[in-house]
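Note sheet for the following structure.
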Amino acid sequence: MTLALDTLGRLESEAIHIFREVAGEFDRPVILFSGGKDSTLLLHLAIKAFYPAPVPFPLLHVDTGHNFDEVIEFRDRVVAQHGLRLEVAKVQDWIDDGRLEERPDGTRNPLQTVPLLDSITQHKFDAVFGGGRRDEERARAKERIFSLRTAFGQWDPKRQRPELWNLYNGRHRAGEHVRVFPLSNWTELDVWNYIEREGIELPDIYYSHEREVFLRDGMWLAEGPWGTAREGETLQRKVVRYRTVGDGSCTGAVESDAADIHAVIAEVAASRLTERGATRADDRLSEAAMEDRKREGYF
């Protein structure tokens, strides 16, 4: 007798299938892992896909140097727990040797592209797993699960290939690589429901806590090595949580009392804004901000 899968079961099955397809088709895959909820879910699915064997791919984190301490501590703990190999490309190294320059606005999120592409070239990665989802942002809604990138890491929506009947075309020329997005068909609510079902641990900042923040352009930002409140901005102690984590200079918190996963799920279910639209300043630079960065080689 065949048992019908529920929505989460179908999404899990699809993601595991994608991991196994890549393992059979590519020589040097890598998983982008930052310690955020989507990359942690991605790693959880990879572990399931190959259990009881270890995950056959290394992890790569492009570290802006402006990450939240709680997330970096969580990242390192997960890597040690599962005996994984983590490559860290530090944006600061590229700044120090002159390959990159700090931006006037202080954000380093757009600066991740060059270290990412350099790391792909250096390690000869031919498939790069990312945690992008189509519901996050309109440019990501154009992305296929297997997304071909040029030898310069660039994305061209006109070169996207059809993916009928879950058949994925990973063919690429020497120097090109493929970005792979097993979570493409998941929503933010799917992610949280699956995290609850599987009992997946996340960094504490995804749940409500007290933090000193200041209001800038409608977002609550925390102070850190990336900077603090400017003239006219006041540090205030608020009960907040983060819906997404990234470069602290452009990732905002939301006021929230959701201290456990059940409360977070209820909050996400009621929200009408995606987590990037609500809390990522770098996506507000222009209507096409994400697509412009993707064309340059961004995640």
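The values are calculated or read from the model by the stated rules, or taken from the named source; none is laboratory data. Bear in mind that the values here come from a model prediction, so they are computed numbers and not experimental data. Heads up, the Cβs are rebuilt from the backbone with ideal geometry, glycines too, and the neighbour counts pull from every protein chain shown. The protein model used for the area step is the full one, side chains on, heavy atoms only, and it has no ligands, DNA or RNA in it. Shrake-Rupley method; radii C 1.70, N 1.55, O 1.52, S 1.80 Å.
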Which value in nm describes the separation of the simple spin-label points at Asp69 and Tyr51, placed 7 Å from the Cα toward the beta carbon? 3.4
Take each of the peptides 263-274, 112-123, 215-226, average the number of other beta-carbon atoms within 10 Å over its residues, and list them starting from the highest. 112-123, 215-226, 263-274
Farthest towards the positive end of the dipole of the range 87-154, among Pro110, Gly98, Phe129 and with Cβ unit charges of +1 on Lys and Arg and -1 on Asp and Glu, lies the Cα of Phe129
Separation between the His17 and Leu167 pseudo-spin-labels, each 7 Å from Cα along Cα→Cβ, expressed in nm? 1.3
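Tell me, in nm to one decimal, what length is gained between Ala263 and Glu196 on full extension, where the rule is 0.36 nm per residue of separation less the Cα-Cα distance?
Computed gain between Ala263 and Glu196 is 23.0 nm.
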Just subtract the alpha-carbon distance of Asp204 and Glu101 from 0.36 nm times their residue separation and send over the number in nm, one decimal. 33.9 nm
Could you work out [θ]222 nm for the chain from helices alone, using -39500 (n - 2.57) per DSSP H run of at least four and dividing by all its residues? Round to the nearest 500 deg cm²/dmol. -10000 deg cm²/dmol
Per residue solvent-accessible surface (Å²) - the range 86-231, probe of 1.4 Å: 49
Residue by residue through the range 87-100, the couplings from Karplus 6.51 cos²θ - 1.76 cosθ + 1.60 with θ = phi - 60°, in Hz, x for Gly and Pro, are 9, 10, 9, 8, 4, 4, 5, 5, 5, 4, 9, x, 6, 9
Pairs on different chains or at least eight residues apart, Cα atoms closer than 21 Å: how many lysine pairs in the range 1-158 fit? 4
What is the set of long-range amide H partners of Lys90 at a cut-off below 5 Å, with H atoms built 1.01 Å from backbone N? Asp63
The answer for Ala127, listing residues at least 5 apart or on another chain whose modeled amide H is closer than 5 Å to its amide H, is Arg28, Val30, Val178
Please list, in order along the range 226-234, the HN-Hα scalar couplings obtained from phi with the Karplus expression 6.51 cos²θ - 1.76 cosθ + 1.60 (θ = phi - 60°), rounded to whole Hz, x for Gly and Pro. 7, x, 9, 4, 8, 4, x, 10, 10
For the range 68-99 and the range 220-277, what is the centre-to-centre distance using only Cα atoms, to the nearest Å? 22
Where a ≥ b ≥ c are root eigenvalues of the Cα gyration tensor, a/c under 1.5 meaning rounded, otherwise prolate if a/b exceeds b/c and oblate otherwise, the chain counts as oblate
At what distance in nm do the modelled label points of Thr7 and Glu25 sit from each other, each positioned 7 Å from its Cα along Cα→Cβ? 2.7
Could you compute the FRET efficiency for Leu215 and Gln81, with r as their C-beta to C-beta distance and R0 at 45 Å, rounded to 0.05? 0.75
